[in-house]
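Engineer: Before I ask anything, let me first share the structure, which is written out below as structure tokens.
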Amino acid sequence: RSARSSLRLAAGDVVVYASHGIGQIESTHAAEGRQPARIVLALDSGLRVTLPLRRAREALRRLSGEQELEAVRLTLRADVATSVEPWARRHRVAQEKLTAGEIGGLAEIVRDGLQREQRLTTTSTKPIANELFRQARKLLAAEIAACRGIEPEVADAWIVHQVVADHALSGRARA
């Protein structure tokens with residue numbers, strides 16, 4: 001949490017707003033009367049949000065760097081055993097990770113979703129779980145794209161390659 005509270009939060013800064021994604025700080029405003037100090041954040045989705053500075057320091061984080069992206073790569077490549085947890089518990093855990101918006105949690109949701117897709121021959125998963133997966137995949141691809149200066153579609157292809165290529169290799173090695 002200390003890394004978040006040390007954010008400078010100046011106009012022009014690119015930040016991540018938990019489950020909302022990447023945005024750029026448009027402006028900062030000093031406290032006036034009863035109005036607390038605040039920032040205006042323009043999200044990539046087109047949404048504009050005004051946040052009190054105190055809330056912004058809690059909810060926003062810097063874009064990930066290469067060290068975090070390497071951890072994402074390792075997470076995506078990990079061959080994790082199929083969860084035996086009930087669907088409701090898996091869904092709640094995934095929702096918590098999505099809400100937190102940390103890149104490692106997003107990578108775990110995406111990895112698990114892609115591995116589940118590879119195992120299933122039908123679309124038997126519950127629709128809401130698919131929506132969590134799609135949202136996490138979109139946020140993860142957007143952050144990787146912003147960090148590396150590439151298009152989100154290229155980042156998404158990289159994500160899939162990390163999971164599918166390694167998973168296929170590990171499956172062959174065991175066979």
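Engineer: Going through Ser64, Ser19 one at a time, which residue ends up being open to solvent by 30 Å² or more (accessible area, probe 1.4 Å), touching a residue at least 60 places away in the same chain (Cβ under 8 Å) and small (Gly, Ala, Ser)? Show your work before the answer.
Structural biologist: Working: Ser64 fails: open to solvent by 30 Å² or more (accessible area, probe 1.4 Å).
Going through Ser64, Ser19 in turn, just one is open to solvent by 30 Å² or more (accessible area, probe 1.4 Å), touching a residue at least 60 places away in the same chain (Cβ under 8 Å) and small (Gly, Ala, Ser): Ser19.
Engineer: Quick check on this structure: which one of Ala155, Ala145 is free of Cβ contacts under 8 Å to residues at least 12 places away in the same chain and open to solvent by less than 20 Å² (accessible area, probe 1.4 Å)?
Structural biologist: Sole residue among the options that is free of Cβ contacts under 8 Å to residues at least 12 places away in the same chain and open to solvent by less than 20 Å² (accessible area, probe 1.4 Å): Ala145.
Engineer: What's the number of the only condition in (1) open to solvent by less than 30 Å² (accessible area, probe 1.4 Å); (2) under 30 Å from Glu26 (Cβ atoms); (3) in contact (Cβ under 8 Å) with a residue 24 or more places away in the chain; (4) touching a helix residue (DSSP H, G or I) at 6+ places or on another chain (Cβ under 7 Å) that Gln115 fails to meet?
Structural biologist: Among (1) open to solvent by less than 30 Å² (accessible area, probe 1.4 Å); (2) under 30 Å from Glu26 (Cβ atoms); (3) in contact (Cβ under 8 Å) with a residue 24 or more places away in the chain; (4) touching a helix residue (DSSP H, G or I) at 6+ places or on another chain (Cβ under 7 Å), Gln115 violates only (2).
Engineer: Can I ask one more? Taking into account only those residues within the stretch 42-67 that are assigned to a loop (DSSP other than H, G, I, E, B) and either touching a Lys or Arg at 6+ places or on another chain (Cβ under 9 Å) or of a type in the set (Ser, Thr, Tyr) (or both), which is farthest from Gly104 (Cα to Cα)?
Structural biologist: Restricting attention to the stretch 42-67, the residues satisfying the condition of being assigned to a loop (DSSP other than H, G, I, E, B) are 44-47, 63-65.
Keeping just the survivors that are either touching a Lys or Arg at 6+ places or on another chain (Cβ under 9 Å) or of a type in the set (Ser, Thr, Tyr) (or both) gives 45, 64.
Working: Ser45: 22, Ser64: 10 Å.
Per the stated criteria, the residue is Ser45.
Engineer: Considering only residues that are aromatic (Phe, Trp, Tyr) and within 16 Å of the chain's Cα centre (by Cα), which ones fall in the stretch 59-111? Even if it seems obvious, please write down each step before you answer.
Structural biologist: Step one: of the stretch 59-111, the residues aromatic (Phe, Trp, Tyr) are 87.
Passing the criteria: none in range.
Engineer: If I go through the stretch 82-101 residue by residue, how many of them are in contact (Cβ under 8 Å) with a residue 40 or more places away in the chain and under 19 Å from Leu60 (Cβ atoms)? Don't jump to the end; show me each part of the working.
Structural biologist: Residues of the stretch 82-101 that are in contact (Cβ under 8 Å) with a residue 40 or more places away in the chain, as a first pass: 87, 91, 94, 98-101.
With the extra rule that they be under 19 Å from Leu60 (Cβ atoms), the set shrinks to 98-101.
Counting residues in the stretch 82-101 that are in contact (Cβ under 8 Å) with a residue 40 or more places away in the chain and under 19 Å from Leu60 (Cβ atoms) gives 4.
Engineer: If you go through the stretch 22-52 one residue at a time, how many are open to solvent by 30 Å² or more (accessible area, probe 1.4 Å) and within 17 Å of the chain's Cα centre (by Cα)?
Structural biologist: 3
The values are calculated or read from the model by the stated rules, or taken from the named source; none is laboratory data. Since we're looking at a predicted model, the values are computed, not measured. With ideal geometry, Cβ positions are generated from the backbone for all residues, glycine too; neighbour counts draw on all protein chains shown. For the accessible areas, the whole protein counts, side chains as well, though only heavy atoms, and no ligand, DNA or RNA atoms are used. Shrake-Rupley method; radii C 1.70, N 1.55, O 1.52, S 1.80 Å.
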